[in-house]
Structures are given as structure tokens and as C-alpha cells.
1. Look through 206, 219 and report the one residue that is free of Cβ contacts under 8 Å to residues at least 60 places away in the same chain and either in a loop (DSSP other than H, G, I, E, B) or within 28 Å of residue 389 (Cβ to Cβ) (or both).
2. State which residue pairs qualify: first residue under 19 Å from residue 134 (Cβ atoms) and inside the range 31-58, second residue of a type in the set (Phe, Trp, Tyr) in any location, beta carbons under 6 Å apart, and separation of 6 or more residues or different chains.
3. Can you name every residue in the range 103-142 that is closer than 21 Å to residue 185 by Cα and of a type in the set (D, E, K, R)?
4. Here's a check for you: in the range 242-295, which residue that is of a type in the set (Gly, Ala, Ser) and within 19 Å of residue 232 (Cβ to Cβ) is surrounded by the most Cβ atoms within 10 Å (Cβ to Cβ)?
5. What are the residues in the range 174-205 that are over 19 Å from residue 31 (Cβ atoms), touching a helix residue (DSSP H, G or I) at 6+ places or on another chain (Cβ under 6 Å) and not charged (D, E, K, R), if any?
6. Of everything in the range 483-529, what is in a loop (DSSP other than H, G, I, E, B) and either more than 16 Å from residue 464 (Cβ to Cβ) or free of Cβ contacts under 8 Å to residues at least 60 places away in the same chain (or both)? Give them in sequence order.
7. Against the condition at pLDDT 95 or above, outside any helix (DSSP H, G or I) and within 21 Å of residue 34 (Cβ to Cβ), how does residue 248 come out, does it pass?
8. Among the numbered criteria (1) without any contact (Cβ under 8 Å) to a residue 24 or more places away in the chain; (2) crowded, with 17+ Cβ neighbours inside 10 Å, which single criterion is violated by residue 311?
Amino acid sequence: MMKKTISFFIAVVMTANVLMAQSVQDGIKLLNYEKDKSAKELLQKLYDANSKDAQTIYWLGQAFIALDDVKSAKAVYEKAMNDGVNDPWIWVGSGHVQLLEGGDINAAKQKFEQAITSTTESKGKNKGKPSAAILNAIGRANAVGHLVSDLSSSKVGDVLYGIEKLKQAEAIDLTNPDIAINEGLSYRKLGGEYGGDAQKAFEEAIRRDPKNARAMYLIGKIYVTQNNKESLETYFNNAIAADPTFPPVYLELFNYYSEKDVNRAKDYVDNFLKYADKDPKNDFFYADYLFRAGKYNESIAKAKEIETSAGIANVPELNILYAYDYDKLGDSVLAKSYVEKYFAAVPASKTQAADYNLAIKVLSKFPGNEDATVGYIKKAIDADTSTVNKINFMQQAANIYGNIKNYPSQLFWWKQIAGLKKDLGNRDFYFLCDVSIKANDTTSANQFSAAYVQKFPNEMLPYRFQAISAVLTDFDTTKGTAIPAVEQYISILSKDPAKFQRTLPYQFYYLAGYYHDKVKDYAKALEVLNRLLTIYPDDKYGLNVKPIVEKELAAPPPKNSGNKQPNGAPPKNK
């Protein structure tokens with residue numbers, strides 16, 4: 001009995017010593033290294049040993065948030081409050097959860113301000129200064145959303161408010177690099193135009209800590225968005241040199257090289273798996289590598305292994321990997337089923353442009369799925385911040401509807417493209433006019449053809465579309481409003497009658513029909529026919545109709561003659 005008691009005592013002491021050796025700071029480092037599972041496990045142990053320590057509670061909640069488990073984070077903070085841990089760290093954590101749940105942002109700010117007030121020194125050398133650590137936590141709450149692995153994409157929080165608090169923290173604490181990193185993440189969250197501000201903040205973090213691999217990595221990610229190979233490699237390699245055990249940089253390099261150099265990509269995914277959490281979710285990237293290497297059956301086998309160990313609900317990305325593999329293996333039915341499962345399970349914020357491209361490619365193989373396919377395109381457009389990518393997706397939607405001759409829908413997407421492009425080119429105007437005419441949208445046809453003529457006044461096509469749209473607007477020649485456009489088109493075509501001998505005569509036919517049938521101006525109709533025959537002396541229509549018009553012009557007009565057309569009605573305008 002005595003021996004068992006001593007053994008138990010030794011075990012307790014050893015456990016306590018281990019926990020003392022591992023601190024909250026170790027948990028924070030794991031979070032910064034995106035080893036979220038390990039961070040949660042460590043912080044949970046620390047919490048179990050002392051569930052009243054406010055900082056431990058706060059960071060355990062942050063670990064849950066990093067794992068996209070906001071519900072558990074909320075439970076941790078609420079339990080602390082119920083247990084009497086009424087502390088600024090808990091208020092900040094609760095405010096963070098409130099932001100993530102889409103709650104009242106002003107109510108969350110009240111908690112933040114309460115935390116600031118309660119930690120502001122009332123005397124001594126720091127009189128009037130709040131806790132820099134609390135200010136940093138507030139900045140983090142407004143910088144970090146559900147996409148913690150990226151730390152930028154969520155629209156959660158008031159970023160400018162967070163930046164204000166982070167700048168205040170920087171002025172108080174001159175050494176903590178995490179303050180500057182949170183500031184950089186905040187600027188990056190504001191959008192591309194703040195990329196320079198983000199980089200300056202990350203550089204400040206490096207100044208504070210020259211071996212800060214995370215800051216170097218985050219600068220490298222800025223250059224990934226710019227596809228600046230030289231700069232991204234410089235900063236990523238600097239991060240590896242600063243700390244070879246920093247996992248995210250290897251994953252980013254794997255993603256960058258996976259479609260450029262698959263052998264090089266394998267080295268990076270191997271290093272990522274070496275230093276990252278031992279987690280089936282991370283094994284996914286090796287299955288992805290196998291796909292990139294063209295080993296589709298091996299990729300499927302690895303994916304099934306992961307699905308068995310973790311469950312597909314926990315790794316929903318497996319669905320899109322199955323879809324990629326089966327698409328390459330020529331099984332469109334299975335590829336389609338996995339595409340649909342993937343998009344049903346994964347929020348738009350976590351999908352990649354390539355995933356949408358695959359969905360579009362696969363669903364396009366199944367007639368009748370056009371609207372569903374364009375549904376994915378709409379999601380892709382909403383999720384993508386690149387104007388170029390948005391336009392490319394819109395072009396795909398336009399093509400899909402064009403292929404099934406749904407011209408009104410095709411025109412809708414061409415108008416979206418026109419709205420995003422700053423400068424429309426010849427090709428853009430061509431399709432805008434062509435589709436407007438096919439859709440029988442005369443308002444749009446007239447609008448775009450007029451703009452086309454203005455932009456390209458020395459080319460033939462703008463005048464062609466202008467004439468066609470004008471004729472469509474007055475299809476039965478009742479108004480005569482198309483005459484100026486047709487005459488202008490004739491003047492362009494007449495510069496090279498031989499080249500346009502299949503088009504130019506129809507313009508004269510239209511004029512002759514208008515003057516003869518609607519206006520009853522036989523002299524004008526004869527003038528048009530003479531112009532036609534001067535250019536094309538052998539034109540059959542002109543030769544047949546001219547004598548009739550001359551006879552009508554010489555004879556007195558018959559009573560109640562009606563709207564009789566000249567012999568041989570003119571063919572449709574071209």
C-alpha cells in the first residue's frame with residue numbers, strides 16, 4: 001500500500017513538472033505555427049490543471065477558434081464567467097466569439113473597452129496606459145475570423161478599430177512581434193490595396209524578432225498573390241532558415257509548385273508532414289500530391305485510408321480530391337457526385353478557384369445542368385477577389401448559355417463582363433452586339449453598337465452591327481429610323497464593293513423596299529436602285545425591279561393602291 005501511494009505521488013509530481021515545463025507561451029507558439037491540434041491538446045492539459053487561470057482559458061478558447069470550433073470556445077468562456085473568473089482576458093475572448101457568431105459588434109466593443117479600462121494603470125510610470133497584451137488580443141479578435149489558417153479572408157469584426165488598438169499596443173510594448181503580426185493580418189484583411197501596409201507591419205515584427213519565421217512567411221504569402229516567384233521564394237526560404245520546423249511555409253511552397261514542378265512539390269509536402277501535427281487532415285496533402293503526380297488510383301487509395309481513419313465529415317476536402325481523380329480517370333458520373341458532395345459540405349470561404357473550375361468542367365458534360373453549373377460560377381465569383389478571375393468565370397457562364405442558344409442569359413453575363421472591364425476591346429464589343437441581336441434585345445444592341453462605332457470608327461463591323469440593330473428596331477420599316485444607319489453602313493461597304501458583294505446589295509434592297517413600300521417615294525426608290533446597279537450592274541433584283549418602279553413612276557398613281565411591293569421582295573438584310 002505504501003509503495004502504491006509513493007508511486008501515485010511520484011506520478012502527480014512528474015505530471016506537475018511536465019505542465020510547468022510546458023506553458024501557455026508554448027501553446028501560443030503552436031497556434032502561430034498552425035499546429036492547432038497540438039495547441040488545443042496542450043492548452044487543454046494546462047486548463048485541466050488550473051481551470052481558473054484567465055490567460056490559459058483565453059488561449060484554450062483561441063485554440064478552439066483555430067479549429068473552427070467556435071461553439072467550444074464560447075462554452076469555455078461562458079464557464080469561466082459562471083465560475084467567477086471575471087477577468088479582462090475572458091471579456092476579450094467572449095467579445096471575439098460574439099463577432100464570430102455575427103452578433104452585435106457594438107456589444108462586443110463594449111467588452112473590449114471594459115477590458116481596456118480595467119487594465120489601465122492608475123499610477124506609477126505606466127499611469128494611463130492599458131495592458132498591451134489586452135490591446136493585442138482585441139486586435140487579434142478583429143483580425144481573426146473563421147479562416148484562422150489564413151487569418152485574412154473573414155469579414156468578421158471592425159478591422160480599423162482593431163488596428164487602432166494594435167498601434168496603441170505597439171507604442172506601449174516595443175518588443176512583442178505578435179502585435180505587429182496581428183496588425184499586418186488586419187491590413188491584409190482590408191484588401192489588396194493595403195498589401196504594402198501589411199508588409200511594413202510584418203517587417204516591424206522581424207525587426208522586433210529577427211528570427212520570426214511566421215512574419216517572413218506572411219510576407220512571402222503577399223508575393224504569392226502577386227505571383228512574384230523571386231520574392232516569395234526569398235521570404236519563404238528566409239522563414240525556413242529562421243526555423244526549419246515551421247510547417248506552414250512548406251505547405252505554401254507545396255501548393256505553389258504542385259502544378260509547376262511535382263518532384264519539387266513532393267519535397268515540400270514531405271517536410272510539411274514531418275513538422276506539422278500528426279493528423280489525418282494533414283495527410284490529405286500527400287493524397288493531393290499523388291494526384292498531382294498522376295497517380296490517380298494511389299491518390300484514391302490514400303484518400304480512402306484517410307476517410308476510414310478520420311471520417312469524411314471531418315475531412316470534407318476528400319470529396320473534391322475524389323472528384324479530381326475520377327475526372328482524370330474518365331468517370332464523369334463519380335466525379336460529378338463527389339463535386340456535389342464537396343460543395344454541399346464545404347463553405348464558399350474554404351473553396352479554391354480550381355475547385356470551381358473542376359465543378360464547371362464536370363457538370364458541363366451533362367446536358368440540362370447549365371443552371372446548376374452557372375450556380376457554381378456565381379459562388380466562384382462571390383468568393384474570388386481577383387477581377388481577372390471574376391471575368392474569366394463570367395466568360396464561362398456566357399459560353400455555357402451560348403452553347404445552348406440561351407441568348408438572353410448569355411447577354412446577361414456579357415453585360416456583367418462589360419461592367420467589370422475598364423476598357424472594352426474590339427472582341428468585347430463584337431460579342432456584346434452579336435449576343436444582343438441574337439437575344440432580340442434592341443435596346444442593348446443599339447447601345448453597344450453605337451459605343452462600338454465610337455470606339456472603332458475606322459472598322460467595318462461596328463457599322464454592320466449598328467445597321468442590323470437599327471433594322472431590328474424598325475423591323476417592318478414603318479418608322480424609317482434605320483435609314484441613317486443603313487446609309488452609313490453602305491458608305492463603309494462601298495469602299496470595297498468586290499469584298500462585300502454578298503452584303504452590300506442587301507442594304508440597297510432594304511432602302512428600296514422602304515422608299516417604295518412605306519413612303520411611296522418611287523423616285524427615291526429608283527435612285528437607290530440606280531446606285532445599286534452602278535456598283536453591281538448584273539444584280540438580278542435591281543434589274544428585275546427597276547423597270548417596275550420606272551413604270552410606276554411614269555403612270556398616274558392608282559386609286560386605293562395599298563402597300564404593293566415591287567416584283568421580287570428584297571431579301572432579309574445581312
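1. Testing whether each residue is free of Cβ contacts under 8 Å to residues at least 60 places away in the same chain and either in a loop (DSSP other than H, G, I, E, B) or within 28 Å of residue 389 (Cβ to Cβ) (or both) leaves just 219.
2. 43/59; 54/89; 55/89; 56/47; 58/89
3. To start, the set of residues in the range 103-142 that are closer than 21 Å to residue 185 by Cα comprises 105, 108-109, 112, 131-142.
Once the filter is applied, which keeps residues that are closer than 21 Å to residue 185 by Cα and of a type in the set (D, E, K, R), the range 103-142 yields 109, 140.
4. As a first pass, look at the range 242-295 and keep what is of a type in the set (Gly, Ala, Ser): 242, 258, 265, 276, 287, 293-294.
Filter again for within 19 Å of residue 232 (Cβ to Cβ), leaving 242, 258, 265.
Details: 242: 19, 258: 20, 265: 22.
Checked the range 242-295; the qualifying residue surrounded by the most Cβ atoms within 10 Å (Cβ to Cβ) is 265.
5. Scanning the range 174-205 gives 175, 187, 190, 194, 195, 198, 199.
6. 494, 495, 496, 497, 498, 499, 500, 501, 519, 520, 521 - these are the residues of the range 483-529 that are in a loop (DSSP other than H, G, I, E, B) and either more than 16 Å from residue 464 (Cβ to Cβ) or free of Cβ contacts under 8 Å to residues at least 60 places away in the same chain (or both).
7. For residue 248, the condition - at pLDDT 95 or above, outside any helix (DSSP H, G or I) and within 21 Å of residue 34 (Cβ to Cβ) - is not met.
8. (2)
The values are calculated or read from the model by the stated rules, or taken from the named source; none is laboratory data. For clarity, every value in this text was computed on a predicted model and none was experimentally measured. Note that each Cβ is placed from the backbone with ideal geometry, even for glycine, and that neighbours are counted across all protein chains shown.
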